[in-house]
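Below is one structure, written out as structure tokens, with a few remarks after it.
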Amino acid sequence: MPVARTTSARATLAAAAFLAVAPPALAEDVKGSSDHPLLGRYEGAEITQYMQSAYDEITLPAARITRENVKDPGAWQIDVAGKVTRIRYEGPPGRSPLEVMRNYQKALEAKGFEIAYFCREKECSEVSLAELWNAGRGKIGLTSNWGSSIYLLARRSQEGRQ
């Protein structure tokens, strides 16, 4: 699950589920990885990709992509900058992507985050999966399978700033 966190005026957290089919036995986390301190992990999941940068800029989908707004990225995406942590989780076996994401949603809301955008599968874009992926400029590894895609964008004010 990729996570983006800014240290600028806005704290933004983005998550996408990549949990189509988990292997029966999960291997160890990627060396040098760790859970995001604000969120942690869903029990039984493993970290399969991890990257952290002190400062980066990314673009995230923030609304449904439609045939009408696809050529106006400002209508459906936002740019964020700051410290960025990208985490991709796999598994756990026997759990649906929706169950995992609803648990993350509850955890984020309990920590004061507002859910800015939540979509499942083809609800995210009526144009193509490529448009959603391209919105992240390939930097956060958005899913490539509509059958198990769930996307969540949450934000919270930081020290009274939005």
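The values are calculated or read from the model by the stated rules, or taken from the named source; none is laboratory data. Values in this document were obtained by computation on a predicted structure and should not be read as measured data. Glycine also receives a Cβ, built like all others from the backbone with ideal geometry; neighbour counts cover every protein chain displayed. Just the protein is used for accessible areas: all its heavy atoms, side chains included, with ligands, DNA and RNA removed. Shrake-Rupley method; radii C 1.70, N 1.55, O 1.52, S 1.80 Å.
A few comments on the model shown:
- Taking region 118-130 as the range and being within 16 Å of the chain's Cα centre (by Cα) and not in a helix (DSSP H, G or I) as the test, the residues that pass are Phe118, Cys119, Arg120, Cys124, Ser125.
- The numbered conditions (1) at pLDDT 85 or above; (2) open to solvent by 60 Å² or more (accessible area, probe 1.4 Å) are all true for Arg137 except (1).
- Note on region 30-78: residues that are outside any loop (DSSP other than H, G, I, E, B) and β-branched (Val, Ile, Thr) total 6.
- Pairs, first touching a residue at least 40 places away in the same chain (Cβ under 8 Å) and in a helix (DSSP H, G or I) in region 89-117, second open to solvent by 40 Å² or more (accessible area, probe 1.4 Å) and among the small types (Gly, Ala, Ser), C-beta under 8 Å, six or more apart: Pro97/Ala20
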